[in-house]
């Protein structure tokens with residue numbers, strides 16, 4: 001029998017954060033494909049459209065008028081998934097039909113007043129304002145809610161119906177499924193090894209360098225060993241940090257810097273505004289603010305769907321939906337591809 005080669009032979013990899021496995025099938029990457037890049041026509045996005053509900057001064061569907069904002073801008077989502085009040089569901093003795101109260105609030109945060117910008121082509125100062133606004137929201141909303149989920153869906157491929165640069169904030173009285181599992185797995189690891197899982201993981205990845213794409217004095221951007229999406233990545237601080245508001249001034253500056261570079265690499269992959277869903281995970285808030293959360297480590301997750309070109313994406317169907325997650329490209333191959341891309345955005349290169 002031949003010797004195992006991780007870039008040739010199928011295997012499964014364990015995700016200690018979720019407690020599950022991903023099937024890696026690198027030999028499938030040899031399927032016929034000429035490797036061409038299918039460039040999309042550049043999307044014509046007007047800098048300001050009075051009919052766009054995210055633009056400064058625009059009237060939204062509920063009749064409210066946006067402020068004539070010049071930086072970040074936050075407002076309540078006009079179609080929230082959760083409300084702060086409502087009747088609780090009736091109790092049930094049947095274990096197969098259980099329901100529980102769910103309260104929360106949803107907000108929208110615009111990154112910039114111009115619709116034709118995205119984070120990688122905003123200035124460092126402008127991205128830093130986004131980081132500060134995220135921290136302020138986590139503090140303000142975290143006083144009341146157990147979980148504050150900051151997330152961005154970028155691109156129509158990820159369900160974003162508005163090209164204006166923005167993210168969303170969904171807050172809940174309960175710990176969502178993903179975070180419930182992460183809270184449990186990180187606590188178990190901490191109790192066993194007396195060290196936060198992701199702090200330990202980051203240190204080991206920095207020594208191996210196999211999956212590290214970018215790093216600076218305070219941050220490391222890498223492809224997780226257990227990544228599912230083709231170019232899935234994780235952004236982690238180099239020190240132990242519980243929540244985004246705990247970042248120092250220098251760490252926030254450094255975060256804005258590395259975010260511009262990593263998102264430029266994404267866009268440079270196929271010279272298109274790279275679609276993704278991203279979000280921040282840190283220690284729970286609300287009633288957990290005064291509790292022991294030392295097992296937690298702040299991190300951001302990026303889940304982009306593109307696989308082979310700007311128009312070929314990874315579909316999570318069939319085996320993935322019915323059995324378990326599967327990927328063709330190994331985490332190491334994805335990291336190597338991302339490392340080789342320029343940190344300077346292709347649009348800025350053309351304009352310079």
Select from the stretch 81-106 the residues that are closer than 17 Å to residue 168 by Cα and either surrounded by fewer than 10 Cβ atoms within 10 Å (Cβ to Cβ) or without any contact (Cβ under 8 Å) to a residue 60 or more places away in the chain (or both) and list them in ascending order.
83, 84
Would you be able to tell me the number of residues in the stretch 232-250 that are in a loop (DSSP other than H, G, I, E, B), out of contact with any strand residue (DSSP E or B) (no Cβ under 7 Å at 6 or more places or on another chain) and more than 19 Å from residue 142 (Cβ to Cβ)?
1
Can you say whether residue 150 is in a helix (DSSP H, G or I) and either touching a helix residue (DSSP H, G or I) at 6+ places or on another chain (Cβ under 8 Å) or in contact (Cβ under 8 Å) with a residue 60 or more places away in the chain (or both), as far as the supplied structure shows?
no
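Are any residues in the stretch 155-180 within 17 Å of the chain's Cα centre (by Cα) and not in a helix (DSSP H, G or I), and if so, which ones? I'd like the intermediate steps shown before the answer.
Residues of the stretch 155-180 that are within 17 Å of the chain's Cα centre (by Cα), as a first pass: 155-160, 165-171, 176-179.
Across the stretch 155-180, the qualifying residues are 155, 159, 160, 165, 166, 167, 168, 169, 170, 171, 176.
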Does residue 140 fit the bill of being free of Cβ contacts under 8 Å to residues at least 24 places away in the same chain, under 30 Å from residue 291 (Cβ atoms) and not in a loop (DSSP other than H, G, I, E, B)?
yes
If I filter the stretch 181-224 down to residues being in contact (Cβ under 8 Å) with a residue 24 or more places away in the chain and assigned to a loop (DSSP other than H, G, I, E, B), which single residue comes out as nearest to residue 258 (Cα to Cα)?
216
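Looking only at residues in the stretch 327-352 that are part of a loop (DSSP other than H, G, I, E, B) and modelled with pLDDT under 90, which one is surrounded by the fewest Cβ atoms within 10 Å (Cβ to Cβ)? If you could, list the steps in order and put the result at the bottom.
Going residue by residue through the stretch 327-352, those that are part of a loop (DSSP other than H, G, I, E, B) are 328-330, 340-345, 352.
If we keep only those that are modelled with pLDDT under 90 too, we end up with 328, 352.
Numbers: 328: 19, 352: 6.
That would be 352.
Scan 78, 68 and give me the residue that is out of contact with any helix residue (DSSP H, G or I) (no Cβ under 7 Å at 6 or more places or on another chain), at pLDDT below 95, closer than 21 Å to residue 163 by Cβ and not in a helix (DSSP H, G or I). Steps first, answer last, please.
Details: 68 fails: at pLDDT below 95.
Within the list 78, 68, the selection yields 78.
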Residue by residue through the stretch 97-137, note down the ones that are within 23 Å of residue 275 (Cα to Cα), assigned to a loop (DSSP other than H, G, I, E, B) and touching a strand residue (DSSP E or B) at 6+ places or on another chain (Cβ under 8 Å).
111, 113, 118
Counting only residues that are closer than 17 Å to residue 12 by Cβ and out of contact with any helix residue (DSSP H, G or I) (no Cβ under 8 Å at 6 or more places or on another chain), the stretch 223-242 contains a total of 2
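The values are calculated or read from the model by the stated rules, or taken from the named source; none is laboratory data. Please read these numbers as outputs of a predicted model, since none were measured by experiment. A quick note on method: Cβ atoms are made from the backbone with ideal geometry, for glycine too, and the neighbour counts reach across all protein chains shown.
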